[in-house]
Amino acid sequence: MDERAEIASAKEAADNPLVLAFGRLQGAANRLEYILGRALEEECGISHLMFEVLLILGRAEGAGLSMRAIAQEQVLTTGGATRLVDRMEAAGLVERAEDPGDRRGRLVRLTELGEQTAVRASRVHVENIRRYFLAPLPPEDHDRFAEDLRILSHSARDVLPRLP
């Protein structure tokens, strides 16, 4: 792919190999998000974003995470993270607890129902990842593809501004 291609028309822009490659990545991600997210909603009663927060909290263990840490992980505003956690708390998936390191702070942590939901949703999600994400690719490419995605994700994360 010629990274220095000059673009002089809308047709050249639309046919640029880099633009096409990124568009395919974005299109695949959007379609897979829809397919896998819908399965989580239908089979587990949670959105894909809620599932991601359950996973973030599952990785954190212990006392929980601050709203800011959740927002940073999900590239949300703290207000957006608060509204999401409010809905998750109302559903019994998470609870807020005092932050032992900050008397004014609150931490978010999984409830027992949140833990059970994370496990059940993960089983559904893994099966759908196998079916829709890995099965179309040659098996010998799976590990390299996963590593390339990790590199892209970390590279993009490192460019994003950190929340204050």
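The values are calculated or read from the model by the stated rules, or taken from the named source; none is laboratory data. This structure is a prediction, so every number in the text was calculated from the model and none was measured. FYI the Cβ positions are ideal-geometry reconstructions off the backbone, even for glycines, and counts take in every protein chain you see. For accessibility, only protein heavy atoms count, side chains too; no ligands or nucleic acids. Shrake-Rupley method; radii C 1.70, N 1.55, O 1.52, S 1.80 Å.
Tabulated data
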read-out: Point-charge dipole on Cβ atoms (K/R +1, D/E -1) for segment 76-120, about Cα centre, debye to 20; value: 160 debye
read-out: Inter-site label distance for residue 153 and residue 119 at 7 Å from Cα along Cβ, in nm; value: 2.3 nm
read-out: In segment 1-63, GluC sites (Glu not before Pro) in a DSSP loop with at most 12 other beta-carbon atoms within 10 Å; value: 3, 6, 61
read-out: [x] 29, 21, 16; [y] 35, 21, 14; [z] 76, 15, 12, with the label sought being that of the calculated semi-axes √(5λ) of the Cα gyration tensor in Å; value: [y]
read-out: Restricting segment 69-164 to trypsin sites (Lys or Arg not before Pro) in coil, as DSSP defines it, with at most 16 other Cβ within 10 Å; value: 162
read-out: Heavy-atom accessible area order for 77, 117, 82, largest first, 1.4 Å probe; value: 77, 82, 117
read-out: Structure-based [θ]222 nm, the chain - -39500 (n - 2.57) summed over DSSP H runs of at least 4, per residue, nearest 500; value: -20500 deg cm²/dmol
read-out: Cα centre as origin, Lys/Arg/Asp/Glu Cβ charges: segment 1-93 dipole, Debye; value: 140 debye
read-out: Per-residue SASA entry for residue 48, accessible area with 1.4 Å probe, Å² rounded to 10; value: 30 Å²
read-out: Farthest toward positive dipole pole in segment 53-158 [+1 Lys/Arg, -1 Asp/Glu at C-beta], among 82, 138, 66; value: 82
read-out: Solvent-accessible area per residue, Å², over the chain with all protein chains present [probe radius 1.4 Å]; value: 69 Å²
read-out: Cα long-axis angle, helix 78-90 against the chain (0 to 90 degrees, to the nearest 10); value: 60 degrees
